[in-house]
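> Have a look at the structure that comes next, please.
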Amino acid sequence: MKKSDFAFAVIVLAIFAPFVCSETLYEWYKSFNAAHGMVMSFLKFAVLSTLGELLGLRLSMGQYLKPGFGVFPRAVVWGVLGMGINLAMIIFSGGVPLALEYIGLHGAAASMSAPLCVEKVVVAFCISVAMNSIFAPVFMTFHKITDTHILDCGGSVRALVTPIPMTRIITGLNWDVQWNFVFKKTIPLFWFPAHTVTFLLPSETRVLFAALLGVALGVLLAVAARKK
């Protein structure tokens, strides 16, 4: 283990240990999360997804940081995207069960508040498929655009205030990888089942679990890139 690995582990423990060890802090987290869901969505994704990217960088390149990576701009972008994910989860978890009832699956909405059963798993899977088929491709493409923009700005904070040259970046994306790997493989093979589990969880824990999934995916992609 390198010194950087030890430092990374210490940082992670410093962030999460107080909430595990202190009942008071944990209760404060739950109450604040219930009252300010969008703020917590920003913080969860800004912290967890950025940590996931750093960990993925360590696994793929042997270091947690590289010139131009832009930790702070990436954290801000992840926070904003996290708020969008939170809204998407609210929209799809509420709308898809109603759509299922409209086409004949009676009791779909009620099953989501019932104990675990086959019908609940089916509805959760349908929510996951709908969200990841409609929302995820746009989200993933925009995230790729912001990543490219941050790199183009050398990882500096000016990436957050400089207009994104959408036409240049979109036309320059590797659409072969975006379509054949990101869309065709990670969405059905990882995100469909992963978010099915997400929607089986209580609503107050879904955003946190979704952020943790981002960490897991970052690690998986880093391992795959290293093998390639």
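The values are calculated or read from the model by the stated rules, or taken from the named source; none is laboratory data. Computed from a predicted structure; not experimentally measured. Please note: Cβ atoms are built from the backbone with ideal geometry, for glycine as well, and neighbour counts cover all protein chains shown. Remember, those area values only see protein heavy atoms, side chains included, never the ligands or the DNA or RNA. Shrake-Rupley method; radii C 1.70, N 1.55, O 1.52, S 1.80 Å.
> Does residue 95 qualify as being open to solvent by 20 Å² or more (accessible area, probe 1.4 Å), out of contact with any Gly (no Cβ under 7 Å at 6 or more places or on another chain), over 19 Å from residue 42 (Cα atoms) and modelled with pLDDT of 95 or more? Walk me through it before giving the result.
Numbers: open to solvent by 20 Å² or more (accessible area, probe 1.4 Å): yes; out of contact with any Gly (no Cβ under 7 Å at 6 or more places or on another chain): yes; over 19 Å from residue 42 (Cα atoms): yes; modelled with pLDDT of 95 or more: yes.
So residue 95 passes the test.
> What helices (runs of 4 or more DSSP H) completely inside region 115-224 contain at least 2 residues that are within 20 Å of the chain's Cα centre (by Cα) and more than 30 Å from residue 29 (Cα to Cα)? So that I can check it myself, show each step before the final result.
Numbers: elements: 118-134, 136-152, 166-172, 192-200.
By residue number, 118-134, 136-152.
> While we're here: Can we say residue 66 is within 16 Å of residue 206 (Cα to Cα) and either open to solvent by 40 Å² or more (accessible area, probe 1.4 Å) or of a type in the set (D, E, K, R) (or both)?
On the way: within 16 Å of residue 206 (Cα to Cα): no; either open to solvent by 40 Å² or more (accessible area, probe 1.4 Å) or of a type in the set (D, E, K, R) (or both): yes.
Here the answer is no, as residue 66 does not meet what is asked.
> Would you check if residue 102 is in contact (Cβ under 8 Å) with a residue 40 or more places away in the chain and either crowded, with 19+ Cβ neighbours inside 10 Å or under 24 Å from residue 199 (Cα atoms) (or both)? Spell out the reasoning first.
On the way: in contact (Cβ under 8 Å) with a residue 40 or more places away in the chain: no; either crowded, with 19+ Cβ neighbours inside 10 Å or under 24 Å from residue 199 (Cα atoms) (or both): yes.
No.
> Also, quick follow-up: Applying the selection to region 124-150, what residues are touching a Gly at 6+ places or on another chain (Cβ under 9 Å), over 30 Å from residue 68 (Cβ atoms) and in contact (Cβ under 8 Å) with a residue 60 or more places away in the chain?
Once the filter is applied, which keeps residues that are touching a Gly at 6+ places or on another chain (Cβ under 9 Å), over 30 Å from residue 68 (Cβ atoms) and in contact (Cβ under 8 Å) with a residue 60 or more places away in the chain, region 124-150 yields only 127.
> Just checking, how many residues over region 20-58 are over 19 Å from residue 75 (Cβ atoms) and hydrophobic (A, V, I, L, M, F, W, C)?
7
> To continue, here is another question. Among the residues of region 5-35, how many are touching a residue at least 40 places away in the same chain (Cβ under 8 Å) and open to solvent by less than 50 Å² (accessible area, probe 1.4 Å)?
Matching residues across region 5-35 total 3.
> Go through region 52-80 and count every residue that is of a type in the set (A, V, I, L, M) and at pLDDT 90 or above. Steps first, answer last, please.
First pass over region 52-80, keeping only residues of a type in the set (A, V, I, L, M): 54-55, 57, 59, 61, 65, 71, 75-77, 80.
From what is left, the residues that are at pLDDT 90 or above are 71, 75-77, 80.
The number of residues fulfilling the criteria is 5.
> When you scan region 1-83 for helices (runs of 4 or more DSSP H) that lie fully inside it, which ones turn up with 2 or more residues that are within 13 Å of residue 208 (Cβ to Cβ)?
Details: elements: 3-21, 23-35, 37-44, 50-61.
The helices (runs of 4 or more DSSP H) meeting that bar are 3-21, 23-35, 37-44.
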